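The structure appears below as structure tokens.
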Amino acid sequence: GADLGTWRRNSHHGRRDLPRVLPECTTLGVAELDTPAADAAFVPPPVPDGTIGLRFRRTPRPGQGRLTGRPTIGLSLVLISPQEPHQAQALRDWGDVVHIRHIAEASVPGYSMITPYELVGGGDPRYLHLYEIDDPDPEAVFRSMTPLVTERIGSPDTPAWQAWATCPELRIMYVNTFSLVGSLVGSLVGSP
């Protein structure tokens, strides 16, 4: 029932520069549904033992970034949750209005759209920020982001940078980058 399926390999195995609650993800599979009717009819496939299956739906606020016209060949996957369930809206507001906004304004080469999603049914991880990357080295694009944002808002010892980098409600569950291995659209199979 999905319109597009992609599978991707981890571009930075063993990341230690950011907190992590969830286990390492070696392979990422993504199924995309383009319409509410498809979403309502979609039945996720069973998840093999030893893997995690999560279903997210776009948040009401739109994604931010730019349309480059180039295919999405990399992803940066960010999974976050509030410290406490009642803090979910404050975390969502910080993500959309502060954190993602500054990244989009920095026009990081290689990033196109940054789209927020929420876990269907609630729970952990509550939110997914999916950064679409049109560059063959998603990890290099990810690493270039913080210096570019820093140029715009100030150094890590400034209040503006601290407000961008974190908020009291934030709990980072997982962050990593992934490179496209293959895709399935209808009955077509391809790879970059």
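The values are calculated or read from the model by the stated rules, or taken from the named source; none is laboratory data. Every value quoted in this text rests on a predicted model; they were computed, and no experiment measured them. Virtual Cβ from ideal backbone geometry, glycine too; neighbours counted across all protein chains shown. Accessible surface is based on the protein model in full, side chains and every heavy atom, while ligands, DNA and RNA are left aside. Shrake-Rupley method; radii C 1.70, N 1.55, O 1.52, S 1.80 Å.
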**OP:** Calculate, in nm to one decimal, what residue 83 and residue 49 gain on full extension: separation in residues at 0.36 nm each, minus their alpha carbon distance.
**Re:** 9.4 nm
Original post:
Most mobile of 56, 42, 142 per a Gaussian network model of the chain (Cα springs, under 10 Å)?
Top reply: 42
Original post:
Relative to the first principal axis of the alpha-carbon coordinates of the chain, what is the inclination of helix 138-153, with its axis defined by its Cα atoms, in degrees from 0 to 90 and to the nearest 10?
Top reply: 30 degrees
Original post:
Dipole size in debye (nearest 20) for the chain around its Cα centre, Lys and Arg Cβ +1, Asp and Glu Cβ -1?
Top reply: 40 debye
**OP:** Name all residues of region 1-30 having a backbone nitrogen under 14 Å from the label point set 7 Å from the Cα of residue 41 along its Cα→Cβ direction, giving them as ranges.
**Re:** 1-4
Subject >> Karplus-derived HN-Hα couplings along region 170-183 (A = 6.51, B = -1.76, C = 1.60, θ = phi - 60°), whole Hz, x at Gly and Pro >> reply: 6, 10, 7, 9, 6, 9, 6, 10, 9, 9, 5, 9, x, 8
Subject >> Dimensionless Rg/Rh of the chain - Kirkwood Rh, Rg from C-alpha atoms >> reply: 0.95
Original post:
What ³J(HN,Hα) values, in whole Hz, does the Karplus curve 6.51 cos²θ - 1.76 cosθ + 1.60 give for region 80-94 when θ = phi - 60°, with x put for Gly and Pro?
Top reply: 9, 9, x, 4, 10, x, 5, 8, 4, 5, 4, 5, 4, 4, 4
**OP:** With springs only between Cα atoms under 10 Å apart, run a GNM on the chain and tell me which of 41, 106, 165 wobbles the most.
**Re:** 41
**OP:** Give me the accessible area of residue 172, 1.4 Å probe, in Å² rounded to the nearest 10.
**Re:** 40 Å²
Subject >> Top of 104, 90, 38 by mean-square fluctuation, Gaussian network on the chain, Cα under 10 Å >> reply: 38
Original post:
Expressed in whole Å with the largest first, what are the equivalent ellipsoid semi-axes of region 32-106 derived from the C-alpha gyration tensor as the square root of 5 times each eigenvalue?
Top reply: 24, 20, 14
Original post:
For region 100-116, what does the Karplus curve 6.51 cos²θ - 1.76 cosθ + 1.60, with θ = phi - 60°, yield as ³J(HN,Hα) per residue in whole Hz, taken in order and with x for Gly and Pro?
Top reply: 5, 4, 5, 5, 4, 5, 6, 6, 4, x, x, 7, 10, 9, 10, 10, x
